[in-house]
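Inspection log for the structure reproduced underneath, given as structure tokens.
The values are calculated or read from the model by the stated rules, or taken from the named source; none is laboratory data. This one's a predicted model, so the numbers in the text were calculated from it and none came from an experiment. Here the Cβ positions follow ideal geometry from the backbone for every residue, glycine too, while neighbour counts run over all protein chains shown.
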Amino acid sequence: MNQPFSDRPLRLGTRASPLAMRQAEMARDALLAAHGWSADAIELVPMVASGDKIQDRALAEVGGKALWTRELDRALADGDIDLSVHSMKDVETIRPTRFGIAAMLPRADVRDRLVGASSIDALPHGATIGTSSPRRSAQLLRLRPDLKLTLLRGNVGTRLGKIAAGDADATLLAAAGLDRLGMHDTGHAIPLDIMLPAPSQGAVGLEVRADDAHVRALVCAVDDQATRRCVEAERALLAALGGDCRSPIAALATIEADGAMRLRGEIYAMDGSDVVRTDALISDALTPAVLAHDMLDRAAPAVRRLFAG
């Protein structure tokens, strides 16, 4: 029988938020199509992540990115699920060796969208911007030092509701998430030469137990190699910098027409007053780690102290 197991469906763990559920549905549909399975071959197993429960504090204050993966990791380790689906930008740079990212779906729009104004220049003087991202905060303050920042957390609907209620004048959301939720006309995309995205933004990863060769082989069938190459380069840069959810870092790898990979990166002071940039073609000699160490060597103390690389 053309099914993942003879006696049960493949259990796909996901956070229970609307965006996470939509991404899980994308992963399910990709696996069903790749293997020709019937609709009942995969069971979605939603669970509420710690990061979804705690919304009044920045992630850095209460446990970092592990708050997005903790419950899924426990279920995967215990065998309650066979694989989990993650927004790759929410996955810690260093993961437990008992797990492995077996596939990444094709990457979506990597840009941020501004909700509340048509552009950053169009924001009123002294406007209040809601965000919990150190990267977005630093980038905004570098562009517009007059802006005021306030903590704004929650899923996409929650954050849009807070903007509508006047909790802030505007916010920034990932274009990929909005598009996946069908909100294609929500917000205004910020060009990449104005705001570089977070490492791994727009990418969805499927994680399995490292010792589960059967499930890994099934999941590898939906791996998008271009997305994997780019995301792994961005994560390698992040790892070499020693960056975490407290570190204002932007990064984007792209594949050139000849197959070469270009990696752009930025690290900031928290207030946006200083920035160090890199833009290079990756090679055996010029790796993401080499670029990271060069950035740190060029960084002022106000920037360097935010990274442990």
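A few points about this structure:
- Criterion: in a helix (DSSP H, G or I), hydrophobic (A, V, I, L, M, F, W, C), at pLDDT 85 or above and buried (at least 16 other Cβ atoms within 10 Å of the Cβ) - qualifying residue of 31, 12: 31
- Apart from one condition, residue 212 fits all of (1) out of contact with any Leu (no Cβ under 8 Å at 6 or more places or on another chain); (2) surrounded by 15 or more Cβ atoms within 10 Å (Cβ to Cβ); (3) under 30 Å from residue 305 (Cα atoms); the exception is (3).
- For residue 228, the criteria (1) surrounded by fewer than 23 Cβ atoms within 10 Å (Cβ to Cβ); (2) more than 17 Å from the chain's Cα centre (by Cα) hold in every case but one, which is (2).
- Condition check for residue 112: surrounded by fewer than 21 Cβ atoms within 10 Å (Cβ to Cβ) and at negative phi: no
- When the strands (runs of 3 or more DSSP E) confined to segment 175-274 are screened for residues that are within 28 Å of residue 161 (Cβ to Cβ), those reaching at least 1 such residues are found at 204-209, 249-255.
The rows are residues; the columns are (1) in the same structural domain as residue 245 (by TED's automatic domain parsing); (2) of a type in the set (A, V, I, L, M); (3) at pLDDT 95 or above.
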{"position": "16", "(1), (2), (3)": "no, yes, no"}
{"position": "44", "(1), (2), (3)": "no, yes, yes"}
{"position": "63", "(1), (2), (3)": "no, no, no"}
{"position": "83", "(1), (2), (3)": "no, yes, yes"}
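- Segment 173-191, residues that are without any contact (Cβ under 8 Å) to a residue 40 or more places away in the chain and of a type in the set (Gly, Ala, Ser): 182
- Residues satisfying the stated conditions in segment 254-287, i.e. under 22 Å from residue 226 (Cα atoms) and β-branched (Val, Ile, Thr): 254, 255, 278, 282, 287
- Any hit, segment 135-151, residues being touching a helix residue (DSSP H, G or I) at 6+ places or on another chain (Cβ under 7 Å), of a type in the set (A, V, I, L, M) and in a loop (DSSP other than H, G, I, E, B): yes
- Total residues in segment 255-309, condition on the phi > 0 side of the Ramachandran plot and surrounded by fewer than 18 Cβ atoms within 10 Å (Cβ to Cβ): 1
- Residue match in segment 106-116 (condition: part of a loop (DSSP other than H, G, I, E, B), more than 30 Å from residue 12 (Cα to Cα) and not aromatic (Phe, Trp, Tyr)): yes
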